[in-house]
Each structure stands twice: as C-alpha cells, then as structure tokens.
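The values are calculated or read from the model by the stated rules, or taken from the named source; none is laboratory data. What you see is a predicted model, and the numbers here were worked out from it, not measured in a lab. Reconstructed Cβ throughout: ideal geometry from the backbone, glycine too, with neighbour counts over all protein chains shown.
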Amino acid sequence: MLLGFVPFVAFAVAANIWGAMPGLTIGAALSAALLVKDLLRRQQPKILEIGTFLMFAGLLVWAKLFPLPLTVLTVRLRVDVRTSPDRSHFSGDRQALHVAICA
C-alpha cells in the first residue's frame, strides 16, 4: 500500500545527494521493480504504479535527450517568469533577470 511512495522518496533523497539524473534513474528502477513484482504475483498492476514508471522513465529520457544543468530554484524561476500574466512585479533590469535565470 505504501510501497507506491517508495520511488518518490528514493528520488528525493538521491536527487539531493547525487543529483537529478541518478535520482530519476533510481525512481524509474524502483517503479519498474514494483510493476515486475505485481506481474510476477499475477496481479494486475495499479494505474498509479504504471503512471509513476512512465513519469520517471519519461523524465529520464527527456533529461538524457536535452541535458540542462538546472536546479529546482532556476526551474521555478523560469516557469514563474514565462507564465506570469503580469510581469510588472519583476522590477529591475531585464538583462539582470536573464543573468539570474541562466546562472
């Protein structure tokens, strides 16, 4: 029942210790192991476990194809800047903001 959270917890721990790529790899491997466990027991895999595997595997493939050294902070900043309907709250030099995002 709580085994479905194991890939997420392992990803969080591994990503903080070794980085995003090893964290995604561990998360994908653990979610695949949960799927194999259900299949070996002749049980129908749960939709959450299938989705978890697809998410971790998809993110791993995406990160391999388009490698970008991003931290959580820079990703959030990029999302906030590009999706904000009212950019007036970003007072200051636009070049300085670009440097802060890309740094």
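Scanning the range 1-37 for residues that are among the aromatic types (Phe, Trp, Tyr) and outside any helix (DSSP H, G or I) yields one hit, 18. Of the residues that make up the range 50-66, is at least one loosely packed, with under 14 Cβ neighbours inside 10 Å, at pLDDT 90 or above, out of contact with any Pro (no Cβ under 7 Å at 6 or more places or on another chain) and among the hydrophobic types (A, V, I, L, M, F, W, C)? Checked the range 50-66: at least one residue is loosely packed, with under 14 Cβ neighbours inside 10 Å, at pLDDT 90 or above, out of contact with any Pro (no Cβ under 7 Å at 6 or more places or on another chain) and among the hydrophobic types (A, V, I, L, M, F, W, C).
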